[in-house]
Amino acid sequence: MVATWFVDSINGHPLWVLFVRGWCTDPATIDVKLEYPDGALQDPNVLCRELRSDVVAAHNLDFPWPGFIAEFHLARPPAAILAWGNRVPVGDPERYCTL
C-alpha cells in the first residue's frame, strides 16, 4: 500500500523547537525527518500519534491514530521537512532560535 500523507503545519518560531503536525494512512510508519541547509538529516526528538477522526472518515481507515506530531530540537536554522521522501520547505527559517 502506498501511503497518503499530508503536513498540516510547521511551526514553533521563535523557539528552538520545530513542530510538525500532519497525518498518514500508513498505520505502522511515520517517515518524517528534518533537513538542514547543508543536507544533514535529523530524526524527530519526539514523535507521537494523534487521533484524527476526519482523516479516518475521509480515507476509510481501520485505525484511529493517523495523525502525528513530530518535535525537532534545532541545532541550527532548519531548511525543510522530508516527509515520505518529499521535501516541504520550512518558511522563514531565520525566525527560529537554535540550541
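Only one entry in Gly85, Gly91 is exposed (fewer than 13 other Cβ atoms within 10 Å of the Cβ), more than 14 Å from Ile10 (Cα to Cα) and not hydroxyl-bearing (Ser, Thr, Tyr), namely Gly85. Looking across region 35-85, the residues that are touching a strand residue (DSSP E or B) at 6+ places or on another chain (Cβ under 7 Å) and among the charged types (D, E, K, R) come down to Glu35, Asp43, Arg49, Glu50, Arg52, Glu71.
Could you count how many residues in region 55-82 are closer than 20 Å to Thr29 by Cα and surrounded by 11 or more Cβ atoms within 10 Å (Cβ to Cβ)? Counting residues in region 55-82 that are closer than 20 Å to Thr29 by Cα and surrounded by 11 or more Cβ atoms within 10 Å (Cβ to Cβ) gives 18. Within region 32-42, being out of contact with any Leu (no Cβ under 8 Å at 6 or more places or on another chain) and within 10 Å of Ala83 (Cα to Cα) holds for no residue. For region 6-42, the candidate set comprises residues that are among the aromatic types (Phe, Trp, Tyr) and surrounded by fewer than 18 Cβ atoms within 10 Å (Cβ to Cβ); within that set, the residue that is farthest from Pro78 (Cα to Cα) is Phe6.
Number of residues in region 1-54 that are among the hydroxyl-bearing types (Ser, Thr, Tyr), in contact (Cβ under 8 Å) with a residue 40 or more places away in the chain and over 24 Å from Asp92 (Cβ atoms): the value is 2. When the residues of region 1-21 are filtered to those that are part of a loop (DSSP other than H, G, I, E, B) and of a type outside the set (Ser, Thr, Tyr), the one that is farthest from the chain's Cα centre (by Cα) is Met1.
Only the coordinates and a few stated rules stand behind these numbers; no lab work does. All figures in this text were calculated on a predicted structure; none of them were measured in a lab. Because the Cβ atoms are built from the backbone with ideal geometry, glycine has one as well, and the counts that use them run over all protein chains shown.
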